[in-house]
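These notes concern the structure reproduced below.
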Amino acid sequence: MEAKAIKRYIQSSPMKMRLVVDLIRGKSVNEALNILHFSPKHSSKVIEMTLRSAVSNLSNKLESGRVDEKDLFVKTAFVDGGPVLKRMLPAPQGRAYRIRKRSNHLTIVVAEKEQS
């Protein structure tokens, strides 16, 4: 069984977000939460909330309503680019520099480990 959580329109560049997402992909949920909790990056807080949401979505999906975080792992985690806000900054000699304020969409899928 697996569950997905999506956080959209995050005001951070996708490249900065991918640095943190690459740290947790394929790890167990407990290990991923520890990594995110102690990471100094700003995007780790958003990823941690989304990961907790995915775990909660899985517990809501199950009939028993109970999920042991030790049995879960991050199946997929990826960041897609979102819309870009284009702004202009005055520059010398009548020029204007373009500022691109990027955003992104985060998707995390958690699944139960196979019992064998």
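Coordinate-derived values only; no laboratory data. Keep in mind the model is a prediction, meaning the values are calculated, not measured. Cβ coordinates were reconstructed from backbone atoms using ideal geometry, including for glycine residues, and neighbour counts include every protein chain displayed.
As a ratio to 2.2 N^0.38 Å, the alpha-carbon radius of gyration computed for the chain takes the value 1.33. With a simple spin-label model that places each label point 7 Å from the Cα along the Cα-to-Cβ direction, the separation between Lys16 and Arg100 comes to 1.6 nm. In a DSSP loop and with at most 14 other Cβ atoms within 10 Å, the GluC sites (Glu not before Pro) in the stretch 1-96 are Glu63. For the stretch 55-116, the set of chymotrypsin sites (Phe, Trp or Tyr not before Pro) satisfying both a DSSP loop assignment and a count of at most 12 other C-beta atoms within 10 Å is empty. Calculated translational diffusion coefficient of the stretch 1-66 (10 °C, 1.306 mPa s; Stokes-Einstein with Kirkwood radius over alpha-carbon pairs) equals 126 µm²/s.
Centre-to-centre, using Cα atoms only, the stretch 50-116 and the stretch 3-37 are separated by 6 Å. Relative to the first principal axis of the alpha-carbon coordinates of the chain, what is the inclination of helix 14-24, with its axis defined by its Cα atoms, in degrees from 0 to 90 and to the nearest 10? Roughly 20 degrees, rounded to the nearest 10. The longest part of the chain holding none of the exposed loop trypsin sites (Lys or Arg not before Pro), meaning those outside H, G, I, E and B in DSSP with at most 16 other Cβ atoms within 10 Å, is 67-94. As a calculated quantity, the FRET efficiency between Asn34 and Lys61 at R0 = 30 Å, using C-beta atoms, amounts to about 0.80. For the stretch 2-112, relative contact order (Cα pairs under 8 Å, six or more residues apart, normalised by length) works out to 43 percent.
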